[in-house]
Amino acid sequence: MDHVRLSLLVIFSIAGAYSIKAAEVPFNQNYVPAWGGDHIKVLDQGRQVQLLIDRSSGAGFRSKQFFGSGLFRILMKIPSKNTKGILTTFFLTSAIPNQPVKNHDELDFEFLGSNDKGYALNTNVFANDFGGREQQFRLWFDPTADFHTYEILWNQKQIVFFVDGRPIRVFKNNEHIGVNYPKNLMHIETSLWNATWAGNVDWSQEPFIANYRGFEIEGCLYDHSNPNKCYSQDYYWNAGTYLQLSPNQQRIYEVLRKKYMSYDYCTKNLKNHPECESNK
Ligand SMILES: *[C@@H]1O[C@H](CO)[C@@H](O)[C@H](O)[C@H]1NC(C)=O
């Protein structure tokens, strides 16, 4: 066992076992198909959903409600096989279905399909139409073998991407130095789709299947007549330890970045990204 692995184990055991909340609600309570409805299978009394992609279509689902803050979570098991060109996603977006997109905010978890070098988990943050903030990771487990928990914390102070409860990415509110911060109401989406820029799909292996579980949502319902409601500290994700990483989380974050980050937009054109320094 190499040294980094050992120190990771030590840190993870200090952090304690991460367990998902037991509350499980059926898919239909919080989500609806977004597209490719005939490529969505609801299983296990609504506790599990499969998205399928083949030559004819991919698929996606979205939350019924819109939110202004929260700790958004889903469990995913991404497709096995050679998935070059196939993307499996979980994200928050301010784009309202069937309306023109403007002042676009988006927070992305996006598995890029696997090739001979393995897969990459891409993350991105868009604020007011400005994205291009990719950070990519190769994880410490095989995401095709089991369900794992992917979470996006979004409050007024910070956005944190967690995998199995461990922070892999932080995007702080840096409006005071002129960096836009996602503020629009957003909803949750998932998708399984193919993108030409991600490579040519080997369709001889179709269908590809992504599995999702964990359909409870911990978010503040956006209220147009009272948008500040979602900043209230009455919501646990807007208070206390959710406003900034704890020293232990910060240690885990630094180790994970060092060991697993495979691409970082912050290494390019740093002067265009004043937020990078403070997000380390
Ligand atoms: C997805 O694959 C299909 C079938 O090859 C192709 O027609 C379509 O253009 C692809 N979609 C994208 C967005 O690349």
Hey, what do the phi angles of the range 209-224 turn into as Karplus ³J(HN,Hα) couplings, whole Hz, using 6.51/-1.76/1.60 and θ = phi - 60°, x for Gly and Pro? 10, 10, 10, 10, 9, x, 9, 6, 10, 10, x, 8, 5, 6, 10, 4
Rank-order 233-245, 45-57, 268-280 by packing density, defined as the average count of other C-beta atoms within 10 Å over each peptide's residues, highest first. 45-57, 233-245, 268-280
Accessible-area order (highest first, 1.4 angstrom probe) of the listed residues PHE126, PHE111: PHE126, PHE111
What accessible area per residue, rounded to a whole number of Å², is obtained for the range 142-280 using a probe radius of 1.4 Å? 48
Report, by chain and number, residues whose modeled amide H sits under 5 Å from the one on ALA34, excluding near sequence neighbours (fewer than 5 apart, same chain). GLY60, PHE61, ARG62
Based solely on its DSSP helices, what 222 nm [θ] is calculated for the chain when runs of n ≥ 4 H residues each add -39,500 (n - 2.57) and the sum is averaged over all residues, nearest 500 deg cm²/dmol? -3500 deg cm²/dmol
Collect residues whose amide H, placed 1.01 Å from N in the peptide plane, falls under 5 Å from the amide H of ASN173; neighbours closer than 5 in sequence don't count. GLN158, ILE159
At most 10 other Cβ atoms within 10 Å and a DSSP loop assignment: could you name the trypsin sites (Lys or Arg not before Pro) in the range 96-169 that fit? LYS117
Can you work out the Karplus-derived ³J(HN,Hα) for every residue in the range 85-97? Use 6.51 cos²θ - 1.76 cosθ + 1.60 with θ = phi - 60°, whole Hz, and x for glycine or proline. x, 10, 10, 10, 10, 8, 8, 10, 9, 8, 5, 8, x
Which shape class, rounded, prolate or oblate, goes with the range 7-278 when its Cα gyration tensor gives a ≥ b ≥ c as root eigenvalues, a/c under 1.5 marks rounded, and past that a/b bigger than b/c marks prolate? rounded
For the range 54-93, what does the accessible surface come to per residue with a 1.4 Å probe? Please give it in Å². 28
Would you kindly derive the ³J(HN,Hα) couplings of the range 41-46 from the backbone phi angles with the Karplus curve 6.51 cos²θ - 1.76 cosθ + 1.60 (θ = phi - 60°), listing them in order in whole Hz, with x for Gly and Pro? 10, 9, 10, 6, 6, x
Expressed as a percent, the accessible surface of the chain that is carbon or sulfur, using a 1.4 Å probe and the full set of protein chains, is 50
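The values are calculated or read from the model by the stated rules, or taken from the named source; none is laboratory data. Since the structure is predicted, the reported quantities are computational estimates derived from the model, not experimental observations. Neighbour counts are summed over all protein chains in view; Cβ atoms, including those assigned to glycine, are modelled from backbone coordinates with ideal geometry. Accessible surface areas use protein heavy atoms only, side chains included; no ligands, DNA or RNA. Shrake-Rupley method; radii C 1.70, N 1.55, O 1.52, S 1.80 Å.
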